[in-house]
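The values are calculated or read from the model by the stated rules, or taken from the named source; none is laboratory data. Note that this is a predicted model, so its numbers are computed, not measured. Neighbour counts run over all protein chains shown; Cβ positions are idealised from the backbone, glycine included.
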Amino acid sequence: MQTIPTFLLGTAIVTGVSFCQAQNKKTSIAEKQSTSYTEKSNNALTAYLPFNDNTDFDNAQKGLIATLPSGEIKDSEGNISYSVKAFDFLKSDAPTTANPSLWRQSRLNAVSGLFKVTDNIYQIRGFDLANMTLVKGKTGWIVIDPLTVQETALAGMELVKKHIGDFPVKAVLLTHSHIDHFGGMRAFINEKDIQSGAIKVYAPEGFFEHSISENVMGGNAMSRRAAYMYGNLLPKSAVGSLGSGLGTTTAKGSTGILEPTDIISKQDGETKIIDGVKIEFIYTPESEAPAEMMFYFPEFKAFCQAENISHTLHNLYTLRGAQVRNGLKWSSYIDKSIQKFGDQVEVSFGSHHWPVWGNDNIIKFWENQRDMYRFIHDQTLRLANQGYTPTEIAEILTLPDELNKQFYNRGYYGSVSHDVKAQYQLYFGWFDGNPSNLNPLPPSEAGAKYVEFMGGAENVLKQAKKSYDKGEYRWVAEVLKHLVFADSKNQEAKNLLADSYEQLGYMSESGPWRNFYLTGASELRNGKKNISRGGTTSKDMISGMSSELFFDYLAMRYKGTDYFKDQFNFNILLTDRNEKVGLIVKNGMVTPRIGTFLKNNITATISVSRNDLAILTAGNNSKVNEYIKNGKIKIEGNADAFNQFIQHIDNFDPWFNIVEP
């Protein structure tokens, strides 16, 4: 199949640049040391948190059976899919260029191998961003969340075969609709397995649709921002990316998706017997993912918390961009788990991080996570109703010490600051009510005005340097962004702005915040690195798109602002699906009608496979005539009009500017 570049992401995790590409690409980031102000900030956190508590390190190592001798996972052609060795630098004590709490979390995330969780339950951890869990059934394995790519899933299974036993896979459980939890499923299962009933796939209601659609409409922007969020362009080092806080990073390789055979949809709970193992499910939509589920194994007294309970404050809004999440619902699902299973559970394991053992420890863990999300939700709403803006609330609100001093509640992935703003947005949207923010100037125009008001570029730089020397990095960033947007050729301004971002990154406890700051600093100093995008699409993803989603995505990309005078009526027969589609092109927009042809004033009728149409509209617009000649497209009527329509389908620059105009 011909690759369709940047067609969709289909996930909240996969980014445009692979882990290995970033590792193999030399980065010219200027490595500057931390300042005394940064060190003071990091030292204060060291004094505040209970760093002498080694429980997490004990738990992260508990049950270790084996790991990779080579420290590398390679694909069939010998390319590195994932490198455990890349994170060896974390074995030392925290340097001054890293937040000590994030460094601690990153060390824990880098612990890798095959682990025994409890009788009949094992985990592969540290081979990818997420965990893969294996539960021994009566006749084979129940696999939970088979990682991002087939290569890492297979490497994990090889360890299992070697040290536990070679048993067939009988079922796959997909906790939610993010690709690091399903992308590697073809390592164990294919269409024949499903059709024959040899292997069943269980997933929450809406899984398949959300897995494919979540990033399609905004996929290009999400992918560019995700490269910042996950530090894909940064070296893995003490002055680069330490990981994501949620885990290390995603692997590179082959991704896929298959439609589930069995759907979990009852929020009150439902019970299934899978390969002789009783499993009690809870459906948890609109929590960490639009489609998600948690479940309990009563025979083993073990609970799979999916990604709703983790050793971090999670995202109520993800910085790559996505719909915000509801902290109230998230909290309620955790409380429901406490009510249903709290008096039984003895081990709690998740899709990321390490398990917790012992009923008392688990209940404290669950209750504190429940209270954290509810606190952020409720207190944001309370302060908003007192008239505070999202920026003000984010500056005011801190968790109570009982919650704040728990390492598993620290903001390694989410943060109180941007989670507060997420809950504000959930209820009130982007506008804070202040008229001055109703129609602000765009960044470049505002930047020029700011610089003029502040006495010109030379004076702005002079004052910014004074503020930098005082350790006022947030203020320096606020001021110099205006100068950079007013004059993007002013390298002195970009360098000082980069310096402030760098120190803010060194202080950041959130992995994504650190990655954002340090990636911004690198691009300001060195320019963008337009590394080729890797595996951002697959045959499964494209095939799995509904025709509604496919044509809505096509319509969104029509250059209606430039070509609003076009008026066409097209009938399209998708030959590989025997499906009719009508397209009305009028007033600068495209209206698809799926399943029917238009009846009047038909400009042209087009017969084409959906795959070929996808290729034509993904950067190959010039091939219409070629496809007509070789018979891939048949057109009755005005072929030039259809060609003109195809030429007006927009394709996006995957490397648009972020820190510069």
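Per-structure values
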read-out	value
Selection count where residues are at positive phi and surrounded by 13 or more Cβ atoms within 10 Å (Cβ to Cβ), scope the range 566-589	1
Members of the range 162-193 found to be among the aliphatic types (A, V, I, L, M) and touching a strand residue (DSSP E or B) at 6+ places or on another chain (Cβ under 7 Å), listed by number	ILE164, VAL169, ALA171, VAL172, LEU173, LEU174, MET185, ILE189
Residue match in the range 135-143 (condition: assigned to a strand (DSSP E or B), in contact with a Lys or Arg (Cβ under 6 Å, 6 or more places away or on another chain), more than 28 Å from GLU502 (Cα to Cα) and of a type in the set (Phe, Trp, Tyr))	no
Any pair with Cβ under 6 angstrom, 6 or more apart, that starts in the range 184-200 at a residue that is more than 15 Å from PHE167 (Cβ to Cβ) and ends at one that is surrounded by fewer than 14 Cβ atoms within 10 Å (Cβ to Cβ) and of a type in the set (D, E, K, R)	LYS200/ASP262
Tally, over the range 61-88, of residues that are touching a residue at least 40 places away in the same chain (Cβ under 8 Å) and in a helix (DSSP H, G or I)	3
Count of residues meeting criterion [touching a Ser or Thr at 6+ places or on another chain (Cβ under 7 Å) and among the polar types (S, T, N, Q)] in the range 414-433	2
Within the range 381-400, tally of residues that are β-branched (Val, Ile, Thr), closer than 15 Å to LEU426 by Cα and not in a helix (DSSP H, G or I)	1
Output for the range 410-431, where each listed residue is among the hydrophobic types (A, V, I, L, M, F, W, C) and closer than 13 Å to LEU381 by Cβ	VAL420, ALA422, LEU426, PHE428
Verdict on SER287 being free of Cβ contacts under 8 Å to residues at least 60 places away in the same chain and under 17 Å from HIS181 (Cβ atoms)	yes
Filter result (part of a loop (DSSP other than H, G, I, E, B) and not aromatic (Phe, Trp, Tyr)) within the range 202-231	GLU205, GLY206, GLU214, ASN215, VAL216, MET217, GLY218, GLY231
Options ASP93, ASP58, ASP53: the member that is in contact (Cβ under 8 Å) with a residue 60 or more places away in the chain and either assigned to a loop (DSSP other than H, G, I, E, B) or exposed (fewer than 15 other Cβ atoms within 10 Å of the Cβ) (or both)	ASP53
Output for the range 230-261, where each listed residue is surrounded by fewer than 23 Cβ atoms within 10 Å (Cβ to Cβ), touching a strand residue (DSSP E or B) at 6+ places or on another chain (Cβ under 9 Å) and of a type in the set (A, V, I, L, M)	LEU258
Answer residue from the range 102-124, given it is of a type in the set (S, T, N, Q) and outside any loop (DSSP other than H, G, I, E, B) and is farthest from GLY414 (Cα to Cα) among those	THR118
Pick from the range 235-271, criterion of a type in the set (S, T, N, Q) and not in a loop (DSSP other than H, G, I, E, B), ranking: farthest from ARG225 (Cα to Cα)	THR271
Some residue of the range 602-613 being over 15 Å from PHE642 (Cβ atoms) and loosely packed, with under 14 Cβ neighbours inside 10 Å	no
Leading residue by the ranking (farthest from PRO100 (Cα to Cα)) among those in the range 401-433 that are of a type in the set (Ser, Thr, Tyr) and assigned to a helix (DSSP H, G or I)	TYR427
Test for ALA322: is it surrounded by fewer than 24 Cβ atoms within 10 Å (Cβ to Cβ), within 29 Å of GLY218 (Cα to Cα) and hydrophobic (A, V, I, L, M, F, W, C)	yes
Yes/no for ALA555 being part of a helix (DSSP H, G or I) and surrounded by fewer than 19 Cβ atoms within 10 Å (Cβ to Cβ)	yes
Residue within the range 363-370 that is buried (at least 24 other Cβ atoms within 10 Å of the Cβ), outside any loop (DSSP other than H, G, I, E, B), among the polar types (S, T, N, Q) and touching a residue at least 24 places away in the same chain (Cβ under 8 Å) present	yes
Every pair of residues 6+ apart whose Cβ atoms lie under 7 Å, when the first sits in the range 445-474 and is under 20 Å from ASP499 (Cα atoms) and touching a residue at least 60 places away in the same chain (Cβ under 8 Å) while the second is β-branched (Val, Ile, Thr) and part of a loop (DSSP other than H, G, I, E, B)	GLY471/THR35
Pairs, first under 14 Å from GLN644 (Cβ atoms) in the range 547-569, second of a type in the set (A, V, I, L, M, F, W, C) and in a loop (DSSP other than H, G, I, E, B), C-beta under 8 Å, six or more apart	ASN569/LEU598; ASN569/ILE602
Which numbered condition LYS301 fails, given (1) out of contact with any Asp or Glu (no Cβ under 8 Å at 6 or more places or on another chain); (2) modelled with pLDDT of 95 or more	(1)
Number of the condition not met by ALA98 [criteria: (1) at pLDDT 95 or above; (2) over 28 Å from PHE297 (Cβ atoms); (3) surrounded by fewer than 19 Cβ atoms within 10 Å (Cβ to Cβ)]	(3)
Candidates GLY165, GLY140 - the one that is touching a residue at least 60 places away in the same chain (Cβ under 8 Å), farther than 22 Å from ASP540 by Cβ and small (Gly, Ala, Ser)	GLY140
Residue match in the range 614-630 (condition: basic (Lys, Arg), surrounded by 13 or more Cβ atoms within 10 Å (Cβ to Cβ), in contact (Cβ under 8 Å) with a residue 24 or more places away in the chain and out of contact with any Phe, Trp or Tyr (no Cβ under 9 Å at 6 or more places or on another chain))	no
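To keep it simple, each residue is scored yes or no on (1) farther than 30 Å from PHE407 by Cα; (2) among the aromatic types (Phe, Trp, Tyr).
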residue	(1), (2)
PHE431	yes, yes
PRO440	yes, no
MET454	yes, no
ALA457	yes, no
ARG474	no, no
GLU478	yes, no
